[in-house]
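Enquirer: Quick one: the structure is below, questions incoming.
The values are calculated or read from the model by the stated rules, or taken from the named source; none is laboratory data. Being a predicted model, the structure only gives us computed values, none of them experimental. As a convention, Cβ positions derive from the backbone with ideal geometry for all residues, glycine included, and neighbour counts pool all protein chains shown.
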Amino acid sequence: MLCGCQPLRDYRQVVAGQMVLLTHQVSLAKLIDAPHTAAGLRSRLELVQQLRVFAAGRLALPVGRNYRHYVDLHRSCGVWNVEATPPLSLAPKTWWYPVVGRLDYRGHFAEGDARACAETLSARGWDVFVGGVQAYSTPGWFSDPVLNAFLNNDEARVAEILFHELGHQQVFASGDRDFNEAFATIVD
């Protein structure tokens, strides 16, 4: 019975994490105009606005309502991904998700949850890797915000991340991580 509850816990943490992103958003324009906004953050937010214009006008990326808001998660990563393989194998474990299909990672909004998942898999004999991800996108399901986690990079890397995530908005093949990441990497 506890094993059957695992997917419910996973979905609950995804819903809770996404709700934080949706409820803690502040518009870029409002932050840029606010006198209390630190100069460094203001500069980065202005850069994001310029990158959105460039992405839409010159790269024909579907900017839409994406990256018009900012969320400070007070952490260095947006999510942590858990990846696993059988011992001495390159064949990844996959998980099935509604809408996106099978993927070879499980994302967690809390690092502790990712580490707990990794420990469980490791105890079952899997080789496991946990990696932090500064940004991610929800290919068209929500308006993705700018996260503090990727704004601390240099300007070129901020542009690369933004264009990469917008690439996922342009094309997303359900269940095909290799293709999705390759396409988004070409875009950035």
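Enquirer: Among the residues in region 20-28, are any in a helix (DSSP H, G or I), at pLDDT 95 or above and either within 18 Å of E155 (Cα to Cα) or not hydroxyl-bearing (S, T, Y) (or both)? I'd like the intermediate steps shown before the answer.
Expert: Just the residues of region 20-28 that are in a helix (DSSP H, G or I), to begin with: 20-23, 28.
Subsequent filtering for residues that are at pLDDT 95 or above retains 28.
Filter once more, so that each one left must be either within 18 Å of E155 (Cα to Cα) or not hydroxyl-bearing (S, T, Y) (or both): 28.
Yes - at least one qualifying residue is present in region 20-28.
Enquirer: Here's a follow-up. Please go through region 141-157 and give me each residue that is under 25 Å from V14 (Cα atoms) and either surrounded by 15 or more Cβ atoms within 10 Å (Cβ to Cβ) or modelled with pLDDT of 95 or more (or both), ordered by number. Please lay out each step first, then the result.
Expert: Going residue by residue through region 141-157, those that are under 25 Å from V14 (Cα atoms) are 141-152.
If the condition is that a residue be under 25 Å from V14 (Cα atoms) and either surrounded by 15 or more Cβ atoms within 10 Å (Cβ to Cβ) or modelled with pLDDT of 95 or more (or both), then S143, D144, P145, V146, L147, N148, A149, F150, L151 are the ones that fit.
Enquirer: Still on this structure, I have one more. Just checking, does region 68-82 include any residue being more than 25 Å from G132 (Cα to Cα) and either in contact with a Phe, Trp or Tyr (Cβ under 7 Å, 6 or more places away or on another chain) or of a type in the set (S, T, Y) (or both)? Explain how you work it out, then say what you get.
Expert: Narrowing region 68-82 to residues more than 25 Å from G132 (Cα to Cα): none.
No, region 68-82 contains no residue that is more than 25 Å from G132 (Cα to Cα) and either in contact with a Phe, Trp or Tyr (Cβ under 7 Å, 6 or more places away or on another chain) or of a type in the set (S, T, Y) (or both).
Enquirer: Looking only at helices (runs of 4 or more DSSP H) that lie completely in region 58-170, which have at least 1 residues being free of Cβ contacts under 8 Å to residues at least 24 places away in the same chain?
Expert: Helices (runs of 4 or more DSSP H) meeting the threshold: 111-123, 155-170.
Enquirer: Sticking with this structure for a sec: If I filter region 106-132 down to residues being of a type in the set (F, W, Y) and buried (at least 16 other Cβ atoms within 10 Å of the Cβ), which single residue comes out as farthest from S174 (Cα to Cα)?
Expert: W126
Enquirer: Right, next: For the list (1) among the aliphatic types (A, V, I, L, M); (2) closer than 24 Å to Q170 by Cβ; (3) surrounded by 15 or more Cβ atoms within 10 Å (Cβ to Cβ); (4) at pLDDT 95 or above, I need the number of the one condition that L103 fails.
Expert: Here L103 meets the rest and fails (4).
Enquirer: Working only within region 158-186, note down all residues that are in contact with a Gly (Cβ under 7 Å, 6 or more places away or on another chain) and crowded, with 19+ Cβ neighbours inside 10 Å.
Expert: Q169, A184
Enquirer: Only one of P62, P98 is surrounded by 14 or more Cβ atoms within 10 Å (Cβ to Cβ) and not polar (S, T, N, Q). Can you tell me which?
Expert: Answer to the selection: P62.
Enquirer: Go through the residues of region 39-46 one by one and say whether even a single one is surrounded by 15 or more Cβ atoms within 10 Å (Cβ to Cβ), polar (S, T, N, Q) and more than 29 Å from Y105 (Cβ to Cβ).
Expert: Among the residues of region 39-46, not one is surrounded by 15 or more Cβ atoms within 10 Å (Cβ to Cβ), polar (S, T, N, Q) and more than 29 Å from Y105 (Cβ to Cβ), which makes the answer no.
Enquirer: Could you run through region 74-87 and say how many residues are at pLDDT 95 or above and touching a Leu at 6+ places or on another chain (Cβ under 8 Å)?
Expert: 2
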